[in-house]
Amino acid sequence: MTSGDLAALRRARDTVNRHYALPLDVAALARAAHMSPGHFSRRFRAVFGETPYGYLMTRRIERAKALLRRGDLTVTEVCFAVGCSSLGSFSSRFTELVGESPSAYRARPHDPGAGVPACLAKIFTRPVRNREPAPRPAP
């Protein structure tokens, strides 16, 4: 794979990250990367570990989880806010990725830190190597 192909794939991934709520399709992303849809899908999966559509839905579900934790939107409103056009497909994919339905996820209490963006949570949860090991309990 050339560095130009890799750069084009990264741009496509960045487009998905920024515009996840817009109606994106593989053909449009492939055109932007100057690749055929089939070649684009294969390369995207090889580089990022999932298909372009799978990556898009993962981003949409991540955003949906944040909106559902807020609790001020209905599941239907969240579905459309993240760019899904079918409540049934959204609910099925959400349940597949999260392990519970959007309604159940919205209804249950969430950890106070659940609303912290992942980029900030990493800073506080990152392991530190240069610490003393914790004392072992006496047998």
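The values are calculated or read from the model by the stated rules, or taken from the named source; none is laboratory data. From a predicted model like this one, the values you see are computed outputs, not experimental measurements. So basically every Cβ, Gly included, is an ideal-geometry build from the backbone, and we count neighbours across all protein chains shown. The area values use the complete protein model at the heavy-atom level, side chains included, leaving out ligands, DNA and RNA. Shrake-Rupley method; radii C 1.70, N 1.55, O 1.52, S 1.80 Å.
Residue check: is residue 12 more than 27 Å from residue 99 (Cβ to Cβ) and either in contact (Cβ under 8 Å) with a residue 60 or more places away in the chain or in a helix (DSSP H, G or I) (or both)?
yes
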Has region 66-73 got any residue that is open to solvent by 50 Å² or more (accessible area, probe 1.4 Å), part of a loop (DSSP other than H, G, I, E, B) and not charged (D, E, K, R)?
no
Report, by residue number, each residue of region 12-21 that is surrounded by 13 or more Cβ atoms within 10 Å (Cβ to Cβ) and either in contact with a helix residue (DSSP H, G or I) (Cβ under 6 Å, 6 or more places away or on another chain) or among the charged types (D, E, K, R) (or both).
12, 13, 16, 20
For the subset of region 26-45 comprising residues that are surrounded by fewer than 13 Cβ atoms within 10 Å (Cβ to Cβ) and assigned to a loop (DSSP other than H, G, I, E, B), which member is modelled with the highest pLDDT?
36
Selection over region 78-111 where residues are open to solvent by less than 50 Å² (accessible area, probe 1.4 Å), under 15 Å from residue 56 (Cβ atoms) and either touching a strand residue (DSSP E or B) at 6+ places or on another chain (Cβ under 6 Å) or part of a loop (DSSP other than H, G, I, E, B) (or both) yields a count of 4
Mind checking which pairs have a first residue in region 66-86 that is polar (S, T, N, Q) and a second that is open to solvent by 20 Å² or more (accessible area, probe 1.4 Å), Cβ under 6 Å, 6 or more apart or different chains?
76/87
Looking at (1) touching a Phe, Trp or Tyr at 6+ places or on another chain (Cβ under 9 Å); (2) open to solvent by 40 Å² or more (accessible area, probe 1.4 Å); (3) among the aromatic types (Phe, Trp, Tyr), which one does residue 53 not meet, given that it meets all the others?
(1)
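Every residue, every condition in (1) basic (Lys, Arg); (2) farther than 15 Å from residue 106 by Cβ, yes or no:
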position: 17; (1), (2): no, yes
position: 27; (1), (2): no, yes
position: 38; (1), (2): no, yes
position: 41; (1), (2): no, yes
position: 55; (1), (2): no, yes
position: 70; (1), (2): yes, no
position: 79; (1), (2): no, no
position: 84; (1), (2): no, yes
position: 91; (1), (2): no, no
